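FYI, it's all coordinate maths here, none of it is from the lab. Keep in mind that what you see is a predicted model, and the values were worked out from it rather than measured. Here the Cβ is made from the backbone with ideal geometry for all residues, glycine too, and neighbour counts use every protein chain on show.
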Amino acid sequence: LKKGEEAPEVSQEKSKLGLGELYEREYLKKATGYDADAAEKKSEEDKVKDELKALFAGLCSKLDALSNYHFAPRPVSGDAEVNANATAAPAIAAEEGLPLHVSDA
């Protein structure tokens with residue numbers, strides 16, 4: 001150190017990672033560009049996002065239940081009638097006689 005310079009602060013806490021793990025992370029970051037610290041941070045963010053999605057889904061289901069609780073459907077109208085004689089063409093005449101596509105398999 002030069003005269004007048006302050007010494008850098010050194011942490012007295014024990015590292016959670018071993019020296020081999022630190023070298024491994026440094027190598028992965030240089031060689032492949034994979035940053036383990038960023039991946040751990042992202043996984044924490046994903047956990048928070050998943051929790052928020054679950055809370056929002058619960059809120060939406062409660063709101064749907066509240067809005068559907070007071071919902072009254074329209075009264076049923078008269079029965080619909082189907083007249084079998086209204087169709088002039090029989091079902092066999094509506095189908096084509098020859099298939100358009102045939103498999104060679």
**Message:** Using 30 Å as the Cα-Cα cut-off, could you pick out the over-long pairs in K16/K49; K29/K49; K16/K42; K16/K47; K3/K29; K3/K41?
**Reply:** K3/K29; K3/K41
**Message:** Using a 7 Å offset from the Cα along the Cα-to-Cβ direction at both L66 and E9, what is the distance between the two label points in nm, to one decimal?
**Reply:** 4.8 nm
**Item:** Using distinct alpha-carbon pairs, which all enter the 1/r mean, Kirkwood radius of segment 1-57 in Å
**Value:** 15.0 Å
**Item:** Label-point separation, F56 to D37 (7 Å along Cα→Cβ), nm
**Value:** 3.0 nm
